[in-house]
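Remarks on the structure that follows.
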Amino acid sequence: MRERQPDAASLTEQRKSEHIRICLEQPVSGVGITTGLEKYRFIHQALPEVDFREIDLRTQWLGKEVRTPLLISSMTGGSSHAAPINRRLAVVAEARGWAMGVGSVRAAVENPKVVSTFRIRDLAPTIPLYSNIGAVQLNVGMGVELCRRAVELVEADGLILHLNAMQEVFQPEGDVNFSGLLRRIEQLCHELDVPVGVKEVGWGIAPDTAKQLADVGVAFIDVAGAGGTSWSQVEKQRARNVVMQRAAEAFADWGIPTADSLQQVHKVLPNQPIIASGGLHTGVDAAKSIALGAQLAGFGRSLLAAAADSEEAVDEVLAQVEAELRITMFGIGARTIDELRQTDRLVRKP
């Protein structure tokens, strides 16, 4: 009897589970490249003239007030392993006022059985919540209606398109036709009735690309720079082709460091809402990112181990990031996020 081959939905679910396992168990950070945030330091203010208890993390995001300038970046969904991770993240994000994105909802569009892994709005009724698909899916049949469905499934406030060209090249089942995507992104921005954002997955966005995206109507940009997870290193662990497995090593230091991408994009698009993510671990990293021009600071794999453990572990990590952010603001005399954004006390190290 001929062996039954797994269908596309089953393969997608398997891939999502493998990604979680690899990111938890294997060394997948870029090698020989950092976020660049370590090149900056704050000038200590010995007389902050601020009551620490009055430091306020509230800010504006896309015209709405949010309780913190912090985001749980799009990570996972679409597998049995992902469901409890997303639910734990959602519960704590709601309690602490963090925005949140889910992983690629393509899996749920393909397979109704995994829709529940993305349904977290009941646990997070008030925070900004974002659905997510790979931008390249616009070239392989995921049109405006399916994107609308991806938003509805999550009950999301917007849709994030992720740019992951280098990952797709190394992914055994990758989609590599990125031609004509800008035109399709423009169409989606004009026809979808929620904001559309674009993010990288860990290699950064150059200023000319950011300008193109803004010009076609993208509402916000997540630079998702290099210095954290490298998806060529993740896919190296899954590669069945020894040539591609070895080739991935040549790209271990590929990408634009987070700090560089953030600064460059903010310079050409000073009024564009920008998220800084890619290798952020602490509230000090978040503070530096905001001082360099970001509206929100995003955290991804640095939260994954806690999310795989318990709500209590997630709450502890998020509380620490918030404490570090508040202490940084106190240390430079900034009472509000607006004052942090306008500070002149962040300098590049000599």
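The values are calculated or read from the model by the stated rules, or taken from the named source; none is laboratory data. The structure displayed is predicted, hence computed values, not measured ones. No Cβ is skipped: glycine too gets one built from the backbone with ideal geometry, and neighbour counts run over all protein chains shown. Remember, those area values only see protein heavy atoms, side chains included, never the ligands or the DNA or RNA. Shrake-Rupley method; radii C 1.70, N 1.55, O 1.52, S 1.80 Å.
Among the conditions (1) farther than 27 Å from residue 236 by Cα; (2) without any contact (Cβ under 8 Å) to a residue 60 or more places away in the chain; (3) among the charged types (D, E, K, R), residue 49 misses just one, which is (2). Of all residues in region 166-198, those being open to solvent by less than 40 Å² (accessible area, probe 1.4 Å) and in a helix (DSSP H, G or I) number 7. Restricting region 258-305 to residues that are open to solvent by 10 Å² or more (accessible area, probe 1.4 Å) and of a type in the set (Ser, Thr, Tyr) leaves a set whose member that is nearest to residue 21 (Cα to Cα) is 302.
Among residues of region 304-326 that are touching a residue at least 24 places away in the same chain (Cβ under 8 Å), those with a Cβ under 8 angstrom from a residue that is crowded, with 16+ Cβ neighbours inside 10 Å and basic (Lys, Arg), sequence gap 6+ or separate chain, pair up as 307/88; 310/88; 311/88; 314/88; 315/96; 318/96; 319/96; 322/96.
What about residue 255, is it of a type in the set (Gly, Ala, Ser), under 20 Å from residue 211 (Cβ atoms) and open to solvent by 10 Å² or more (accessible area, probe 1.4 Å)? Break it down into steps so the answer makes sense when it comes.
Details: of a type in the set (Gly, Ala, Ser): yes; under 20 Å from residue 211 (Cβ atoms): yes; open to solvent by 10 Å² or more (accessible area, probe 1.4 Å): yes.
Here the answer is yes, as residue 255 does meet what is asked.
Restricting region 222-272 to residues that are of a type in the set (Ser, Thr, Tyr) and modelled with pLDDT of 95 or more leaves a set whose member that is farthest from the chain's Cα centre (by Cα) is 261.
The strands (runs of 3 or more DSSP E) found entirely in region 238-350 that carry 3 or more residues being under 30 Å from residue 171 (Cα atoms) are 274-276, 296-299. Residues in region 319-332 that are open to solvent by less than 20 Å² (accessible area, probe 1.4 Å) and either on the phi > 0 side of the Ramachandran plot or under 22 Å from the mean Cα position of the chain (by Cα) (or both): 321, 322, 325.
Residues that are more than 21 Å from residue 75 (Cα to Cα) and aliphatic (A, V, I, L, M) within region 181-217 comprise 181, 182, 185, 188, 192, 206, 210, 213, 214, 216, listed in sequence order. Within the span defined as region 49-61, one or more residues are of a type outside the set (A, V, I, L, M) and under 18 Å from the mean Cα position of the chain (by Cα).
Beta carbons closer than 9 Å, at least 6 apart along the sequence or on distinct chains, pair a first residue in region 115-127 that is touching a residue at least 12 places away in the same chain (Cβ under 8 Å) and more than 10 Å from residue 102 (Cα to Cα) with a second that is open to solvent by 80 Å² or more (accessible area, probe 1.4 Å) and in a helix (DSSP H, G or I) for 123/87. Just one of the listed residues (168, 155, 186) is within 10 Å of residue 218 (Cα to Cα) and out of contact with any Ser or Thr (no Cβ under 6 Å at 6 or more places or on another chain), and it is 186.
The rows are residues; the columns are (1) open to solvent by 10 Å² or more (accessible area, probe 1.4 Å); (2) of a type in the set (Val, Ile, Thr); (3) at pLDDT 95 or above.
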site: 89; (1), (2), (3): no, no, yes
site: 92; (1), (2), (3): no, yes, yes
site: 104; (1), (2), (3): yes, no, no
site: 125; (1), (2), (3): yes, no, yes
site: 141; (1), (2), (3): yes, no, no
site: 149; (1), (2), (3): yes, no, yes
site: 154; (1), (2), (3): no, yes, yes
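Is it true that some residue in region 231-239 is of a type in the set (Val, Ile, Thr) and closer than 28 Å to residue 131 by Cα? Among the residues of region 231-239, at least one is of a type in the set (Val, Ile, Thr) and closer than 28 Å to residue 131 by Cα, which makes the answer yes. Evaluated against (1) surrounded by 13 or more Cβ atoms within 10 Å (Cβ to Cβ); (2) not in a strand (DSSP E or B), residue 71 falls short on exactly one condition, (2). Taking the criterion of being open to solvent by 20 Å² or more (accessible area, probe 1.4 Å), closer than 19 Å to residue 263 by Cβ and of a type outside the set (Val, Ile, Thr), the residues of region 339-350 that qualify are 341, 342, 344, 345, 346, 348, 349, 350.
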